[in-house]
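Working notes, beginning with the structure itself.
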Amino acid sequence: MVNVNDKRKIWMVDTTLRDGEQAPGVVFSTRERVEIATALDRVGIDEIEAGIPAMGEQACRDIRRLAGLNLSCILSCWCRADKGDIEKAARCDTPGVHISFPTSSVLLKTFDRDEAWVMDTLEHLVGLAKRYFERVTVGAQDATRTRHEFLSQFAERACDAGVDRLRLADTVGMISPSMVMKAMTGLLHREPDLDLEFHGHNDLGMATANAVTAVQAGASALSVTVNGLGERAGNAPLEEVAMALFEVGGFEGAIDNTRMTDLCRLVARASGRDIPQSKPIVGKNVFRHESGIHCSGLLKDTSSYQLFEPETVGKKESEYVIGYHSGSAAISHVLEKQGIFIDKTRAQKLVPLVREKALQQKSLLTPWELKALYSLVL
């Protein structure tokens, strides 16, 4: 297992414009795609999976438009294991391409293929792609349901073919961190020079944990989306993974987390998917506090009940709200923000009244409602 304080540089691949857009009902206009790609580049993403050329000429035009922006990050196209897909991608002007192979028995049966076809096709398509692209990566689609011995053979053949990176996809989100650790370390033991990337879905709510574990196990790259946007329950969220790895975990990366909130809000607007209030990292409630014990501690030392400061992810400040669980410290603080200064004794007299009103209306009190209570009683 790799030490969590390892200083390896982790390569971050954002697939919001490809896998993220495959979320039901989500479609990005050309303008939105340009805005998102520009914002991702500004936040420091290493690579953007720009789209799927096989989707048609409009998709190809959009990808070429992104290529024309001359961003600092690398752009790549996503292709099926198909010669035609690769040739279409070659006309999109991206330096990178990713070729996805079905490897599990269930997907091979679905696409009327077999393991022999995968092995026979891999070397040929990688060779074809290398004629057109500077960087060629391949993926084992549904790797977590793939027969272990075949996955190892696939990884070995990919390495021999000279791919720049191998992506292991948890396509249906069924793996757990302990399984990720076992799979990654096992493959790297057999192919120590192979650059591994993990692509996780969130069907069991473990995408972030799985992505972080993959890095701890030795993966050099991760595939993520902004806000975890993606099919079904979504993908590993860029904002969660970046904070866990680079702000807390001690790994090296190029991500500027102070721009994260603006990026997440941009993708939320473009996708029509609001950010849940309790969404980790960028949700409204992450820096919003009601509990009396918590507020009292936070007003003395913000690290008492917050893992990181709001400014770390591009927010302005913590918010103290008044509700059923509020204590005198928060009440004094919120009144002080309105120019009313009271001592602890007088603030404590307001506590039962605040609780009564919060229970009655089953919601928080606005600062003005608190001020009205103060004016009425004190």
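We did not get these values from a lab; they are worked out from the coordinates using the rules stated. Remember, predicted model here, so these are calculated numbers, not experimental data. In this analysis, Cβ positions are derived from the backbone assuming ideal geometry, glycine residues included, and neighbour counts consider all displayed protein chains.
What percent does the relative contact order of the stretch 11-271 come to when contacts are Cα pairs within less than 8 Å and at least six residues apart?
Working: 515 pairs, mean separation 53.7, N = 261.
Once normalised by length, the contact order is 21 percent.
Summing +1 for each Lys or Arg and -1 for each Asp or Glu, what net charge is found among the other residues whose Cβ lies under 11 Å from the Cβ of S105?
Residues near S105 contribute +1 overall.
Two decimals is fine: what is log10 I(q)/I(0) at q = 0.19 Å⁻¹ for the stretch 287-377, from a Debye sum with one equal scatterer on every Cα and no solvent?
Rounded to two decimals, the profile gives -0.84.
For a quick check of your reading of the filter: which trypsin sites (Lys or Arg not before Pro) in the stretch 255-352 sit in a DSSP loop and have no more than 14 other Cβ atoms within 10 Å? It would help to have the intermediate numbers written out before the result.
Values: sites: R259, R265, R269, R273, K284, R288, K300, K315, K316, K337, K344, R346, K349; in loops: R273, K315, K316.
Here the sparse-neighbourhood loop sites are K316.
Return the lysines within reach of K109: Cα separation strictly under 27 angstrom, same-chain partners fewer than 8 residues apart disregarded; answer none if there are no such residues.
K83, K88, K182
Choose one answer from V172, V321, V224: the residue with the largest mean-square fluctuation in a GNM of the chain with alpha-carbon springs under 10 Å.
Sorting by GNM fluctuation, first place goes to V321.
Mind pulling the angle between the C-alpha long axis of helix 207-216 and the longest principal axis of the chain? Nearest 10 degrees, somewhere in 0 to 90.
For helix 207-216, the angle is close to 60 degrees.
In degrees, nearest 10, range 0 to 90: what is the angle between the Cα axis of helix 260-271 and the longest Cα principal axis of the chain?
It is inclined by approximately 70 degrees.
How much mean residue ellipticity at 222 nm does the chain get from its helices, if each DSSP H run of length 4 or more adds -39500 (n - 2.57) and you divide by all residues, to the nearest 500 deg cm²/dmol?
Numbers: 14 runs with 160 residues, N = 378.
That comes out to -13000 deg cm²/dmol.
Under 14 Å from the Cβ of V172, count the other residues' Cβ atoms, weight Lys and Arg +1, Asp and Glu -1, and hand me the total. Don't skip to the end; give the middle numbers.
Details: positive: R145, R232; negative: D19, D142, D170, D203, E231.
It works out to a net charge of -3.
Short version: ³J(HN,Hα) in whole Hz for each residue of the stretch 247-258, in order, from phi by Karplus 6.51 cos²θ - 1.76 cosθ + 1.60 (θ = phi - 60°), x for Gly and Pro, what are they?
8, 10, x, x, 7, 8, x, 9, 6, 9, 5, 5
For the stretch 224-378, what does the alpha-carbon gyration tensor say about shape, rounded, prolate or oblate, given a ≥ b ≥ c as the root eigenvalues, a/c under 1.5 as rounded, and a/b over b/c as prolate?
prolate
For the stretch 11-271, treating each Cα as an identical point scatterer without solvent, what Debye log10 I(q)/I(0) comes out at q = 0.07, 0.08, 0.10, 0.17 1/Å?
Debye intensities relative to I(0), on a log10 scale: -0.21, -0.28, -0.44, -1.40.
Hey, what did the stretch 1-156 get for relative contact order, percent, Cα under 8 Å, at least 6 apart? Before the final figure, lay out each step's value.
Numbers: 217 pairs, mean separation 28.2, N = 156.
Relative contact order here is 18 percent.
Only Cα pairs within less than 10 Å get springs; with that Gaussian network setup on the chain, which residue of P102, P24, P237 has the largest fluctuation?
Ranking P102, P24, P237 by mean-square fluctuation puts P24 first.
Tally Lys and Arg at +1 and Asp and Glu at -1 over the other residues with C-beta under 14 Å from the C-beta of F28: what net charge comes out? Don't skip to the answer; put the middle values down first.
Values: positive: R18, R31, R33, R61, R65, R269, R273; negative: D14, D19, E21, E32, E35, E49, D62.
Charge balance near F28 sits at 0.
So what is the relative contact order for the stretch 282-378, in percent, with contacts set as C-alpha pairs under 8 Å and at least six apart? Mind dumping the intermediate values first?
Values: 124 pairs, mean separation 25.1, N = 97.
About 26 percent, as a whole number.
Can you give the angle from 0 to 90° between the axis of helix 115-132 and the longest principal axis of the chain, with both taken from C-alpha atoms, to the nearest 10?
Its long axis makes an angle of about 80 degrees.
What's the whole-number percent of alpha carbon pairs in the stretch 155-213 lying beyond 13 angstrom? Mind showing how you got there, number by number?
Details: 1010 of 1711 pairs.
Above the 13 Å cut-off, the stretch 155-213 has 59 percent of its Cα pairs.
If you build a Gaussian network model of the chain, linking Cα atoms that sit under 10 Å apart, which residue out of G173, G84, G339 swings the most?
G339
Under the classification rounded if a/c is under 1.5, otherwise prolate if a/b is larger than b/c and oblate if not, where does the stretch 2-125 fall, given a ≥ b ≥ c as square roots of the Cα gyration tensor eigenvalues? Intermediate values should be presented prior to the final figure.
Working: a/c = 1.83, a/b = 1.25, b/c = 1.46.
In terms of gyration-tensor shape, oblate.
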